[in-house]
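Here the structure is laid out as structure tokens; the discussion comes afterwards.
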Amino acid sequence: MSDVVKKDFLLLCKEAESCVKCPKLAEKKAVLSLLNGSLSPVVFFIAEAPGRKGADRTRRPFYGDQSGDNFQLLIDSIGLKREEIFITNAVLCSPRSESGANRKPSKSEIKNCSEFLKRQIELMNPKIIATLGSTALEALKYIENHEFTLKTHVGKILDWNGRKLIPLYHPSPQVVISVRSLEKQMEDFMKLRRAIEVILKRAL
Ligand code: URA
């Protein structure tokens, strides 16, 4: 990774830290730093938003909660290491309900944060992007429109914005229990592994 990329990334992190575009998230601090991973990633992962028990507390996406443990299991299953990937979220701040529980980000929050997502992608210029869940897939539409849906396109290698895009399910316990089991998600991740081998000509 070049010093220029690192310098620009740190500037972007500072901007995100002071962003107050979303009224309900103005008090929250964006989870974006060198803890998000490699700036020349093998795969650029996009999830939904920092979780209360996970990234919002540990400042590291998918770390410290059950979603993080499931994600670790999935990348382990294809031999991918945290140090070689970058993980970000469609919305960089942690959206909460009145009671303090995690809530899904709103459309306007996703749209507001899409400028940061776009700049992260442009800066790191990844060949392979993997979205985790439908929020991340939707967020990409604000950067360049597409018609992909998780149901139809899960595990497919798609062309998007001059890159390869692979939609995957979100590894949260709710999704694992009622939508896509961990076993099924492991099969989806095998397709990601194959894509890495074919596109980057790199064995895992
Ligand atoms: N942690 C994250 O960083 N993102 C999610 O979408 C869920 C948990």
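Each value in this text was obtained by applying a stated rule to the coordinates, not by laboratory testing. All values reported here derive from a predicted model rather than from experimental measurement. Every residue, glycine as well, gets a Cβ built from its backbone with ideal geometry; the counts of neighbours run over all protein chains shown.
With a threshold of 19 Å on the Cα-Cα distance, the over-threshold entries among LYS81/LYS118; LYS151/LYS191; LYS81/LYS191; LYS53/LYS104; LYS53/LYS141; LYS104/LYS141 are LYS81/LYS118; LYS53/LYS141.
Tell me the mean residue ellipticity at 222 nm calculated for the chain from its helices only (DSSP H runs of n ≥ 4, each -39500 (n - 2.57), averaged over every residue, nearest 500). Please report the intermediate quantities before stating the final value.
Details: 8 runs with 84 residues, N = 204.
Roughly -12500 deg cm²/dmol at 222 nm, from the helical runs in the chain.
Annotation for the stretch 1-61 versus the stretch 148-167: alpha-carbon center distance of 23 Å. Rounded to the nearest 20 debye, the dipole size of the stretch 3-203 about its Cα centre is 60 debye, using +1 on the Cβ of Lys and Arg and -1 on the Cβ of Asp and Glu. For the stretch 1-59, the square roots a ≥ b ≥ c of the C-alpha gyration tensor eigenvalues yield an a/c of 1.5 or more together with a/b not exceeding b/c, which makes the shape oblate.
When only Cα pairs under 8 Å and 6 or more residues apart are kept, what is the percent relative contact order across the chain?
Working: 335 pairs, mean separation 44.9, N = 204.
Normalised by residue count, the contact order of the chain is 22 percent.
Residue by residue, the stretch 195-204 carries 3J(HN,Hα) couplings of 4, 4, 5, 6, 6, 9, 6, 9, 7, 10 Hz when phi is fed to the Karplus relation 6.51 cos²θ - 1.76 cosθ + 1.60 (θ = phi - 60°); x denotes Gly or Pro.
If I stretch the segment between GLU147 and LYS107 completely, what's the gain in nm (0.36 nm per residue apart, minus their alpha carbon distance), one decimal?
Details: separation 40, 0.36 × 40 = 14.40 nm, distance 1.70 nm.
Stretched fully, the GLU147-LYS107 segment lengthens by 12.7 nm.
A simple charge model with +1 on the Cβ of Lys and Arg, -1 on the Cβ of Asp and Glu and nothing else charged puts the dipole of the stretch 122-193 at about 180 debye relative to its Cα centre.
Put simply, the amide H of ARG96, placed in the peptide plane, has neighbours under 5 Å in ARG103, leaving out anything fewer than 5 places away on its chain.
Approximating the spin labels as points 7 Å out from Cα along Cα→Cβ, the ARG57-to-GLU187 distance works out to 3.4 nm. When the GluC sites (Glu not before Pro) in the stretch 1-105 are filtered for DSSP coil states and for at most 13 other beta-carbon atoms within 10 Å of their beta-carbon, the remaining sites are GLU27, GLU98. Fully extending the segment from LEU158 to ARG202 would add 14.0 nm, taking 0.36 nm per residue of separation and subtracting the current Cα-Cα distance.
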